[in-house]
Protein chains: 2
Amino acid sequence: MTTTHQLHSKLTAEGRASLYFEQVELPELGADQVLIQVEAAPINPSDLALLTAPMDLSSLSTEGGGFDTVVSASAKPGAVEFFKSRLGLSLPTGNEGAGTVIAAGSSDAAQALLNKKVSAFGGAMYAQHRVANVMECLPLPEGCDAADGASSFVNPMTALGMTETMRMEGHSAIIHTAAASNLGQMLNRICLADEIPLICIVRSEEQVALLQSQGAQCVINSSSAGFMQELTDACDRYNATLAFDATGGGSLGSAILNAMEGAAARHMTEYNRYGSDRFKQLYIYGRLNTSPLTINNAAGFAWSMGGWLLTHFLQRAGVEVMMRMQQRVVSELETTFASHYTATISLEQMVDVDIMRAYAKMETGQKYLVTSSV
Amino acid sequence: MTTTHQLHSKLTAEGRASLYFEQVELPELGADQVLIQVEAAPINPSDLALLTAPMDLSSLSTEGGGFDTVVSASAKPGAVEFFKSRLGLSLPTGNEGAGTVIAAGSSDAAQALLNKKVSAFGGAMYAQHRVANVMECLPLPEGCDAADGASSFVNPMTALGMTETMRMEGHSAIIHTAAASNLGQMLNRICLADEIPLICIVRSEEQVALLQSQGAQCVINSSSAGFMQELTDACDRYNATLAFDATGGGSLGSAILNAMEGAAARHMTEYNRYGSDRFKQLYIYGRLNTSPLTINNAAGFAWSMGGWLLTHFLQRAGVEVMMRMQQRVVSELETTFASHYTATISLEQMVDVDIMRAYAKMETGQKYLVTSSV
């Protein structure tokens, strides 16, 4: 075998968005490279940003079949402007996945992975095969199958990265939005195990019940009338000064900063026109809400808001912290870091229009796993 | 003399805002305290937040005369909510000023200041006298009069604090908004002396000409059609990744982050849906624009935005850095750190309705100095 099929995404300046398979040459393996036969890869929200986010899904049309399928759609209003730096590029997709190493370069490290199950991260995982450097591979424990290991990077390392950030920056509790997501449920399990106070913000009573059934101790519904009061009370109770926001748009981030400040203000003994001196941090790690972020600032001057990206965090944290995190993921892969898939599809089904519309919805708790057919 | 007149500000829950003098007892001096006869105090934008910001200035009315004057107005729409934590409080005013030490406590440090001119910071400076701890006093050089020393804290330490922040956080250039202000002109003089690239953002061609006449090398008019292009070009030329924004509302802060990112994107060799990894920092140090802050984020994930307050910065920088900064202010008080006053008024004139309307305007380049009559 000298070629493989990779799922690619393209958006043109003329406003057509498409998904299709590229048949790409497999290169000679370098000493530190391995060839993975991909067996399972999840569809994460961060994958959809590349796959379906630019598409008006009501206008999907399809040509060809199997690996020759090309599915295309009109771009959503604003998408050409929003995604202007990718126009015309044919981009491989799939952030993470797992499979079996079926060929290895000459180095000892590469040879040690031969015939082993590994997970990998770094793009182009919606494919039959992928060439990876040994440093990009995480060997899975004996007996673990590819489905168990497929999601061992994005969600586990992000959730652990949040708790590491909390410690590195001197906070003692975490506020999390979109908290009923797969990632949010995972963060809840970590916080319960590590005794970290976690304030979960969700959008419905069903999601409140779901998280409570998993032992979450503080779940707040942002659509309830008493939201700001409840959130301020919770910030006060847990001395919460750090939040991770998956929405990244609208006014929720601002409301969280204001609630933190409201809690701090309860303990001020005299008026200060600059607000409290309790430092408050909001990190934006997703863009579920693509409307502009509005900050109606009543949080004083001791606050910061910024982007949080796993790769930037890992660079800052360093190799030792990263390896400690990975060790924990591997050893708790079927408990703390277990992912639950609501459907399994084949690589070719990723370009089936009905299935695309389903996985593009990103409904809370729904998660698709792609299994490759070779 | 056992009492002094202090200018106070009050806002009630019923929506009346007023300025009036309180006659307050002067306490016995502690060992490390001195009594300053206040001779000059500037009206800074940060003072107006307490003095006139809550007032509908078209509704001013006045009673009494001299130190018995009470001037009051209806609160501006939204002011009662915005200032809710100060409702009903009688607040002393005046962030900084200078005068002569006319009595001193028993310690050597206090006695050393007796009969000296000092500047002081920390509130209640719109008064005939003020008791201060020796640590709050900065002795002025021989021959320096109170007017020269009156503004030796807020603007000089803020402008120097910006350049210190730049070095502490590893940036190499500064973007500044409202750059034609007294503070902005001072920052320009510091940056010219220290060879720090400074990008000045102003709102009119008159302000462009003013700063250029003072040697500013990069002045951009935010009301020009080519603003984003010019700003992006400037960010690229100077590798600018740090901005200080005095407006704190509207979309200017977002535009600056986007321009920084646009400059970084010019040097990216491949598409990254998370944007560049060049870290971009925006600090908000004022609220000239009280509308909500809108972030139309095209700055990727490597950015941070937050409040910047001189007192928080000094705590973080430590006593040694603060003393080095103060030393420089004192030695360049009549050059780099000179303030220019467009009018001088007496303490009682601060409650004259016509004068209030004039100083409340905060026109760029206008600055009032209050001189106390005892």
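Note on A:ASN272 and A:ALA317: their simple-model spin labels are 3.2 nm apart, each label 7 Å out from Cα toward Cβ.
Distance from the alpha carbon centroid of segment B:14-59 to that of segment A:1-69 works out to 66 angstrom. At a 1.4 Å probe radius, carbon and sulfur cover how many percent of the accessible area of chain B? The computed percentage sits at 51. Ignoring aspartates and glutamates fewer than eight residues from A:LYS10 along the same chain, the ones with Cα atoms less than 15 angstrom from its Cα are A:GLU22, A:ASP47, A:ASP56, A:GLU81, B:GLU270. To the nearest 0.05, what FRET efficiency results for A:HIS340 and B:ALA13 with a Förster distance of 60 Å applied to their C-beta separation? The formula returns an efficiency of 0.70 here. About its Cα centre, the dipole of the protein assembly as shown is roughly 440 debye, where the only charges are +1 on Lys and Arg Cβ and -1 on Asp and Glu Cβ.
If a/c stays under 1.5 just call it rounded; otherwise compare a/b with b/c (prolate if a/b is bigger, oblate if not). Do that for segment B:287-374, with a ≥ b ≥ c from the square roots of the Cα gyration tensor eigenvalues. Oblate shape, in that a/c is at least 1.5 and b/c is the bigger or equal ratio. Could you pull out the pairs from B:LYS116/B:LYS361; A:LYS76/A:LYS367; B:LYS84/B:LYS116 whose alpha carbons sit more than 29 Å apart here? Check vs 29 Å cut-off fails for B:LYS116/B:LYS361; B:LYS84/B:LYS116.
Ordering B:ALA216, B:ALA40, B:GLY306 by Cα displacement along the dipole of chain B toward the positive end leaves B:GLY306 in first place; charges were set at the Cβ atoms of Lys, Arg (+1) and Asp, Glu (-1). FRET efficiency for the pair A:PHE67 and A:PHE227, taken as 1/(1 + (r/R0)^6) with r the Cβ-Cβ distance and R0 = 41 Å, rounds to 0.25.
With θ set to phi - 60°, apply the Karplus curve 6.51 cos²θ - 1.76 cosθ + 1.60 along segment B:9-25 and write out the HN-Hα couplings as whole Hz, x wherever there is a Gly or Pro. Each residue's phi maps through the Karplus curve to give 10, 9, 10, 9, 4, 7, x, 10, 10, 9, 10, 6, 9, 9, 9, 10, 5 Hz. I'd like the distance between the alpha-carbon centres of segment A:276-297 and segment A:77-116, rounded to an integer number of Å. So the two Cα centres are separated by 31 Å. Think of it as helices only: each DSSP H run of n ≥ 4 in chain B is worth -39500 (n - 2.57), and spread over all residues that comes to -8500 deg cm²/dmol at 222 nm. What would the Debye formula give as log10 I(q)/I(0) at q = 0.10 Å⁻¹ for the alpha-carbon point model of the protein assembly as shown, no solvent? Each listed q maps to, in turn, -1.05.
The values are calculated or read from the model by the stated rules, or taken from the named source; none is laboratory data. What you are looking at is a predicted structure, and each value in this text was computed from that prediction instead of being measured. Methodologically, a virtual Cβ is constructed for each residue, glycine included, from the backbone with ideal geometry; neighbour enumeration extends over all protein chains shown. Note: areas computed on protein heavy atoms with side chains; ligands, DNA, RNA excluded. Shrake-Rupley method; radii C 1.70, N 1.55, O 1.52, S 1.80 Å.
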